[in-house]
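First comes the structure, then the notes that go with it.
The values are calculated or read from the model by the stated rules, or taken from the named source; none is laboratory data. Here the structure is a predicted model, which means the values were calculated and not measured. Here the Cβ positions follow ideal geometry from the backbone for every residue, glycine too, while neighbour counts run over all protein chains shown.
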Amino acid sequence: MTETHAGDTRALEALLFVSDEPITIPVIAQALELDRKAADELCDRLMKELEDRGAGVVLRNVAGGWRLFTHPDTAPEVERFVLSSRQARLTKAALETLAIVAYKQPVTRHQVSSIRGVNSDGVLRALQDKGLVEEAGREETPGRPILFATTPTFLERLGLPSLASLPSLAPLLGPDADEGANEGDDEEQEPAGAEAATTEPAESPE
């Protein structure tokens, strides 16, 4: 096993600072000339050091790699800065479409539009341009429509290690969400042809 030293921690911080995407352990190991186990332990150590000193950034393992994020406690200040800087933000339509893709993926363009009730072609293209959504093959149905899914960048932006970490929708739906599905199960069903049996007889010709 390759030994690490203080200079490695400093170098790791520098790598994480200049990277615009999560850095995998193999890449870190190669850059710092360490074996993978040592690189992994170095990341764990830096993560703890940042926490212990109350730094304004935290180190997280997301989307298969390590990346620096602003500390959750600094959210109000960061939000004010972002808003005052007029940074580009996702529109309501984009957030809605992204949520549908995230929870229903892989999903077709038509399925997204059907759920939203409006054409979503332009929104999907915008999400693709931002690197949050990508094509994920084709559905084996007539016409073979394109399927869409979220990207590693989506996980990275949300600070999630995998799609399995997405919050459950159940608490948002409420306890009565599926009552309608069973409504009427206990009601007596009318026999077939009942409607025809109760119709008035045709008038006799005069």
Q) In the range 5-42, what residues are β-branched (V, I, T), without any contact (Cβ under 8 Å) to a residue 40 or more places away in the chain and in contact with a Lys or Arg (Cβ under 9 Å, 6 or more places away or on another chain)? A) I28
Q.
Quick check on the range 116-131: of everything there that is over 17 Å from the mean Cα position of the chain (by Cα) and in a helix (DSSP H, G or I), which residue is surrounded by the most Cβ atoms within 10 Å (Cβ to Cβ)?
A. R116
Q) Restricting attention to the range 37-67, and to residues there that are touching a helix residue (DSSP H, G or I) at 6+ places or on another chain (Cβ under 9 Å) and acidic (D, E), which single residue is farthest from L155 (Cα to Cα)? A) E49
(Q) Of everything in the range 29-76, what is more than 21 Å from P161 (Cα to Cα), polar (S, T, N, Q) and under 27 Å from the mean Cα position of the chain (by Cα)? Give them in sequence order. (A) T74
Q) Somewhere in the range 85-99, is a residue farther than 23 Å from L132 by Cα and not basic (K, R)? A) no
Q.
Looking for something of a type in the set (V, I, T), part of a helix (DSSP H, G or I), touching a helix residue (DSSP H, G or I) at 6+ places or on another chain (Cβ under 9 Å) and not assigned by TED's automatic domain parsing to the domain that holds T153 - is there at least one such residue anywhere in the range 10-24?
A. no
Q | For E96: the one exception among (1) in a loop (DSSP other than H, G, I, E, B); (2) under 30 Å from F69 (Cα atoms); (3) modelled with pLDDT of 90 or more | A | (1)
